[in-house]
1. Residue under question is residue 389, and the condition is that it be at pLDDT below 95 and either surrounded by 18 or more Cβ atoms within 10 Å (Cβ to Cβ) or touching a helix residue (DSSP H, G or I) at 6+ places or on another chain (Cβ under 7 Å) (or both); does it hold?
2. Output the residue which, of all residues in the range 399-414 that are touching a helix residue (DSSP H, G or I) at 6+ places or on another chain (Cβ under 7 Å) and without any contact (Cβ under 8 Å) to a residue 60 or more places away in the chain, is nearest to residue 225 (Cα to Cα).
3. Going by the conditions given, is residue 179 at pLDDT below 95 and surrounded by fewer than 14 Cβ atoms within 10 Å (Cβ to Cβ)?
4. May I ask you to list the residues in the range 182-215 that are crowded, with 17+ Cβ neighbours inside 10 Å and over 21 Å from residue 75 (Cα atoms)?
5. Here is a list: 350, 377. Which entry is in contact (Cβ under 8 Å) with a residue 24 or more places away in the chain, in the same structural domain as residue 231 (by TED's automatic domain parsing) and touching a strand residue (DSSP E or B) at 6+ places or on another chain (Cβ under 6 Å)?
6. Mind listing whichever residues of the range 135-192 are touching a residue at least 40 places away in the same chain (Cβ under 8 Å), assigned to a helix (DSSP H, G or I) and farther than 17 Å from residue 118 by Cα?
7. Give me the residue from the range 422-438 that is surrounded by fewer than 24 Cβ atoms within 10 Å (Cβ to Cβ) and touching a residue at least 60 places away in the same chain (Cβ under 8 Å) and, out of that set, farthest from the chain's Cα centre (by Cα).
8. Would you please name the residue that is farthest from residue 199 (Cα to Cα), looking only at residues in the range 80-92 that are in contact (Cβ under 8 Å) with a residue 60 or more places away in the chain and in contact with a helix residue (DSSP H, G or I) (Cβ under 6 Å, 6 or more places away or on another chain)?
């Protein structure tokens with residue numbers, strides 16, 4: 001312990017602190033080689049949840065740190081490993097709408113121990129829980145002295161003796177003295193933690209000031225109703241006709257209290273008829289001129305009909321490049337954009353379209369969702385990244401002209417539901433457009449797919465529309481069944497991945 005101390009403060013971590021932080025981490029984890037956080041990990045945490053990253057500074061030197069994310073209590077209290085709760089250190093499991101602060105790390109450098117600095121960090125964490133109205137703090141705690149007693153006691157017996165103060169454990173003893181209690185024992189929690197023999201205790205502190213009623217109004221729903229629009233391609237003279245048809249369907253699904261309304265890819269293609277004498281690459285650019293106006297109309301409908309709308313997709317020109325884009329128009333008036341990443345050969349050859357570069361999930365009042373446009377659903381890496389970010393529902397607006405094209409989308413969507421343990425909703429267009437080149441015929445059967453387990457339909461099909469018929473498909477889904485599946489399913493695809501052998505990384 002340092003003899004002379006002039007100033008001690010606790011503040012939020014900044015990326016400029018990294019070199020000092022690294023030094024403190026290395027000295028704190030000498031028994032776990034190369035276990036310190038890399039700068040890229042700290043950058044992610046600061047981007048996702050800057051308020052939750054704390055440091056204690058002694059005379060301008062970082063003496064300790066507390067890192068955290070927010071998750072749901074269901075996720076925090078379920079069986080998990082450290083890799084799973086951090087999603088392989090990507091922290092995509094951070095859920096701003098969650099109700100529990102999950103402790104990722106706490107440490108004090110050896111030379112500053114004995115000053116009760118760790119207690120100060122926990123006091124600030126507890127204050128944070130009260131300010132954010134979270135239920136409490138949960139985390140997995142090492143039991144580093146267990147390896148010395150493993151031949152004498154089982155993990156349960158060891159924990160009981162630490163509680164009775166018959167055995168001292170530098171982590172568990174400290175946590176118990178800070179009002180934490182043990183929820184359960186976990187195995188295989190932290191890789192290479194030989195001191196704990198990879199055992200850990202799941203520890204919790206309860207915020208007695210937590211008010212459930214405050215969170216109830218805007219907390220994510222678990223029972224969600226989907227409205228899928230199987231859109232009929234028909235001649236339209238002007239954009240007002242398109243708006244009338246859009247509003248008709250939105251009004252209808254809103255009357256049935258749907259939470260989401262999903263439109264197909266390029267549902268506005270009928271407006272290209274007036275430009276059919278132009279080359280296809282020029283006609284699609286003319287269609288792009290309507291996109292901004294259509295987006296604003298969708299935003300208006302989302303607010304007035306109190307429904308979240310996935311707008312299908314439309315062409316967009318940006319810096320003279322042509323993209324296939326869509327929008328999530330939330331019922332609170334906010335809008336976010338998504339772009340098709342993989343462009344089909346026909347889109348590239350006929351229209352000169354290029355792919356977007358961004359992929360991420362979207363938070364809604366019905367949980368976290370993902371959106372992939374048509375062809376993107378046939379690339380499993382994309383939906384796996386979204387699943388790792390906590391996606392519960394994947395929406396796929398599509399456009400296919402032939403049955404073989406449709407079945408590619410359908411079969412891949414079903415696979416995505418199984419491998420990512422999520423719901424997948426697909427919506428396409430039907431009918432003919434004889435006066436629009438490259439858009440002559442359409443084939444679709446909109447549907448909602450599920451994983452295949454006992455809580456879901458045996459064939460993984462929750463609901464299907466009639467093929468090639470204009471209609472609305474309304475379907476109720478229960479998101480709580482996914483949480484049960486993640487932990488107790490006949491198979492647990494997400495949980496059983498060999499993250500020690502492989503992972504999907506963004507470039």
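1. Numbers: at pLDDT below 95: yes; either surrounded by 18 or more Cβ atoms within 10 Å (Cβ to Cβ) or touching a helix residue (DSSP H, G or I) at 6+ places or on another chain (Cβ under 7 Å) (or both): yes.
Yes; evaluated as a whole, the condition is true for this residue.
2. Restricting to residues being touching a helix residue (DSSP H, G or I) at 6+ places or on another chain (Cβ under 7 Å) and without any contact (Cβ under 8 Å) to a residue 60 or more places away in the chain, the top hit is 413.
3. Numbers: at pLDDT below 95: yes; surrounded by fewer than 14 Cβ atoms within 10 Å (Cβ to Cβ): yes.
In short, yes.
4. 193, 195, 196
5. On the way: 350 fails: touching a strand residue (DSSP E or B) at 6+ places or on another chain (Cβ under 6 Å).
Just one listed residue meets the conditions, 377.
6. If the condition is that a residue be touching a residue at least 40 places away in the same chain (Cβ under 8 Å), assigned to a helix (DSSP H, G or I) and farther than 17 Å from residue 118 by Cα, then 146, 147, 155, 159 are the ones that fit.
7. That would be 435.
8. The residue in question is 92.
The values are calculated or read from the model by the stated rules, or taken from the named source; none is laboratory data. Please read all numbers here as calculations on a predicted model, not as lab measurements. Neighbour counts run over all protein chains shown; Cβ positions are idealised from the backbone, glycine included.
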